[in-house]
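Engineer: One structure follows; several queries about it will come next.
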Amino acid sequence: MSRVLGLSAGAAGGSAEILLRTALGRLENPELVRLADLDLNARDDLDWLWERLVESDAVIVSTPVMSRTMAAGLKLLVDRLLGPNADAAIIEQLVALRRSGTEPAVPFRVDERVLRPRVAGFLAVGGSLTPQWKTLTLPLMHTLTFSMHIAVVDQVVFEGAGTPRSIVLDFSALERASKLGANVSSQLGKPYDEVSYLGPPGLCPMCHLNVIELNGTTVSCATCGCGGTLGPGGVEWLDRATSVLSMAEKRAHAVEIQETAARHADLREEIEKRAASAPAVTPVTPR
């Protein structure tokens, strides 16, 4: 039986949680976790959540839009629990090194359950009716899934829910959240490269979002790093392998991390000496 983890980053019973419960209603065996119930600075709570994450087959995340982006609890979750310790390419590399009898220069945690196929869906809800107040929400939500190589099936931002629980007035939003749940359910168990993206198309062919970095005519997706060029007909995407969603880029990054650590190991004494000579400034604390 598939296990589905629902992460709520909003208030208990609030609009974000209502959307999440609506989406989870389309899946069997869902588990709802409120981030507000956890202490994401406590090792026990982080370990508890890690077990639910690596044992899951799907993750649906719902957040209120806060200052144009996702709730702070989700950013704390990324910083405390994910990153290199949850990176599929790093774990793949470390498993191979240790099976060959070699210890890596940077010994990250190795949990092979990270390598299981998973799918995800993103829900976000804000009060503003104009898009510029929500621009960074979905791009930041991708930091929750890209390291573990979780395929995002669907993603949507809702608007107009500016008072508590008012999303219940928007029947189309509830229907759309239910559809997201059904879309995620339809892709359960599929390997990453076989998952069908079923959400809005977007500009980028990898993350399907529209936030880009432009340097002359050189284009880079600001969410995932997919590369392209801007021409008379619009953006031509030329290098999907530069996207952090690709295993090729993750593997290149994993090699870079180990090479940097090995290089710095020979310079550790000099690094510590220079660090000790940095100007002394006494920190101010509240107590």
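Engineer: Can you find even one residue in segment 115-130 that is surrounded by fewer than 19 Cβ atoms within 10 Å (Cβ to Cβ), of a type in the set (D, E, K, R) and more than 17 Å from L7 (Cα to Cα)? Let's see the steps before the verdict.
Structural biologist: Kept after step one, since they are surrounded by fewer than 19 Cβ atoms within 10 Å (Cβ to Cβ), are these residues of segment 115-130: 115-117, 127-130.
Retained after the next criterion (residues that are of a type in the set (D, E, K, R)): 116.
Keeping just the survivors that are more than 17 Å from L7 (Cα to Cα) gives 116.
Among the residues of segment 115-130, at least one is surrounded by fewer than 19 Cβ atoms within 10 Å (Cβ to Cβ), of a type in the set (D, E, K, R) and more than 17 Å from L7 (Cα to Cα), which makes the answer yes.
Engineer: Another question, then. For segment 1-33, give me each residue that is aliphatic (A, V, I, L, M) and not in a helix (DSSP H, G or I).
Structural biologist: Step one: list which residues in segment 1-33 are aliphatic (A, V, I, L, M), which gives 1, 4-5, 7, 9, 11-12, 16, 18-20, 23-24, 27, 32-33.
Scanning segment 1-33 gives M1, V4, L5, L7, A9, A11, A12, L27, L32, V33.
Engineer: Kindly indicate whether A120 is more than 21 Å from A173 (Cα to Cα) and not in a loop (DSSP other than H, G, I, E, B). Break it down into steps so the answer makes sense when it comes.
Structural biologist: Values: more than 21 Å from A173 (Cα to Cα): no; not in a loop (DSSP other than H, G, I, E, B): yes.
Here the answer is no, as A120 does not meet what is asked.
Engineer: Looking only at segment 141-150, decide whether some residue is on the phi > 0 side of the Ramachandran plot, under 19 Å from the mean Cα position of the chain (by Cα) and either in contact (Cβ under 8 Å) with a residue 60 or more places away in the chain or in the same structural domain as P191 (by TED's automatic domain parsing) (or both).
Structural biologist: Scanning segment 141-150 turns up at least one residue that is on the phi > 0 side of the Ramachandran plot, under 19 Å from the mean Cα position of the chain (by Cα) and either in contact (Cβ under 8 Å) with a residue 60 or more places away in the chain or in the same structural domain as P191 (by TED's automatic domain parsing) (or both).
Engineer: Exactly one condition in (1) outside the structural domain of R113 (by TED's automatic domain parsing); (2) closer than 30 Å to E112 by Cβ is not met by D193; state its number.
Structural biologist: (1)
Engineer: Consider G127 carefully, then state whether it is free of Cβ contacts under 8 Å to residues at least 12 places away in the same chain and either farther than 22 Å from C207 by Cα or in the same structural domain as D170 (by TED's automatic domain parsing) (or both). Give the steps one after another, and end with the answer.
Structural biologist: Working: free of Cβ contacts under 8 Å to residues at least 12 places away in the same chain: no; either farther than 22 Å from C207 by Cα or in the same structural domain as D170 (by TED's automatic domain parsing) (or both): yes.
When the stated conditions are applied, G127 does not pass them.
Engineer: Still on this model: Given the residues L238, L174, L180, which is the only one that is modelled with pLDDT under 95 and either outside any loop (DSSP other than H, G, I, E, B) or among the charged types (D, E, K, R) (or both)? First the steps, then the outcome.
Structural biologist: Values: L174 fails: modelled with pLDDT under 95; L180 fails: modelled with pLDDT under 95.
The match here is L238.
Engineer: Here's another thing I want to ask about it. Testing L140 on (1) assigned to a helix (DSSP H, G or I); (2) out of contact with any Ser or Thr (no Cβ under 6 Å at 6 or more places or on another chain); (3) crowded, with 17+ Cβ neighbours inside 10 Å, one condition comes back false. Which one is that?
Structural biologist: Here L140 clears every test but (2).
Engineer: Within segment 193-215, identify whether any single residue is under 23 Å from L123 (Cα atoms), in a helix (DSSP H, G or I) and free of Cβ contacts under 8 Å to residues at least 60 places away in the same chain, and answer yes or no. First the steps, then the outcome.
Structural biologist: Looking only at segment 193-215, we keep the residues that are under 23 Å from L123 (Cα atoms), and these are 193-212.
Subset that is in a helix (DSSP H, G or I): 193-194.
Of the ones still in play, those that are also free of Cβ contacts under 8 Å to residues at least 60 places away in the same chain are 193-194.
Checked segment 193-215: at least one residue is under 23 Å from L123 (Cα atoms), in a helix (DSSP H, G or I) and free of Cβ contacts under 8 Å to residues at least 60 places away in the same chain.
Engineer: If you don't mind, there's one more thing I want to ask. (1) farther than 19 Å from G6 by Cβ; (2) free of Cβ contacts under 8 Å to residues at least 60 places away in the same chain; (3) surrounded by fewer than 16 Cβ atoms within 10 Å (Cβ to Cβ); (4) not charged (D, E, K, R): which one isn't true of S186, the others all being true?
Structural biologist: So the condition that S186 fails would be (1).
Engineer: Hey, among the residues in segment 235-287 that are of a type in the set (S, T, Y) and surrounded by 10 or more Cβ atoms within 10 Å (Cβ to Cβ), which one's farthest from I212 (Cα to Cα)?
Structural biologist: To start, the set of residues in segment 235-287 that are of a type in the set (S, T, Y) comprises 242-243, 246, 260, 277, 282, 285.
When the remaining residues are screened for being surrounded by 10 or more Cβ atoms within 10 Å (Cβ to Cβ), the result is 242-243, 246, 260.
Values: T242: 14, S243: 12, S246: 17, T260: 29 Å.
For segment 235-287, the residue satisfying everything is T260.
Engineer: Let me ask you something else. Of everything in segment 200-224 that's under 18 Å from the mean Cα position of the chain (by Cα) and farther than 19 Å from T69 by Cβ, which residue is surrounded by the most Cβ atoms within 10 Å (Cβ to Cβ)?
Structural biologist: The residue in question is M206.
Engineer: For residues that are within 18 Å of G126 (Cα to Cα) and either buried (at least 19 other Cβ atoms within 10 Å of the Cβ) or not assigned by TED's automatic domain parsing to the domain that holds G127 (or both), tally how many sit in segment 36-68.
Structural biologist: Of the residues in segment 36-68, the ones within 18 Å of G126 (Cα to Cα) are 60-68.
So of that shortlist, the ones also either buried (at least 19 other Cβ atoms within 10 Å of the Cβ) or not assigned by TED's automatic domain parsing to the domain that holds G127 (or both) come out as 60-65.
Count: 6.
Engineer: Moving on to the next point. Which numbered condition in (1) touching a Pro at 6+ places or on another chain (Cβ under 8 Å); (2) over 22 Å from M1 (Cα atoms); (3) buried (at least 18 other Cβ atoms within 10 Å of the Cβ); (4) of a type in the set (A, V, I, L, M) is the only one that A86 fails?
Structural biologist: (1)
Engineer: Still on this model: If I filter segment 101-111 for residues that are of a type in the set (D, E) and part of a helix (DSSP H, G or I), do I get at least one hit?
Structural biologist: So the first thing to find is which residues in segment 101-111 are of a type in the set (D, E), and the list is 103, 111.
In the following step, the residues that additionally are part of a helix (DSSP H, G or I) were identified as none.
No, there is no match, as no residue in segment 101-111 is of a type in the set (D, E) and part of a helix (DSSP H, G or I).
The values are calculated or read from the model by the stated rules, or taken from the named source; none is laboratory data. Everything quoted here is computed from the prediction, not taken from an experiment. Reconstructed Cβ throughout: ideal geometry from the backbone, glycine too, with neighbour counts over all protein chains shown.
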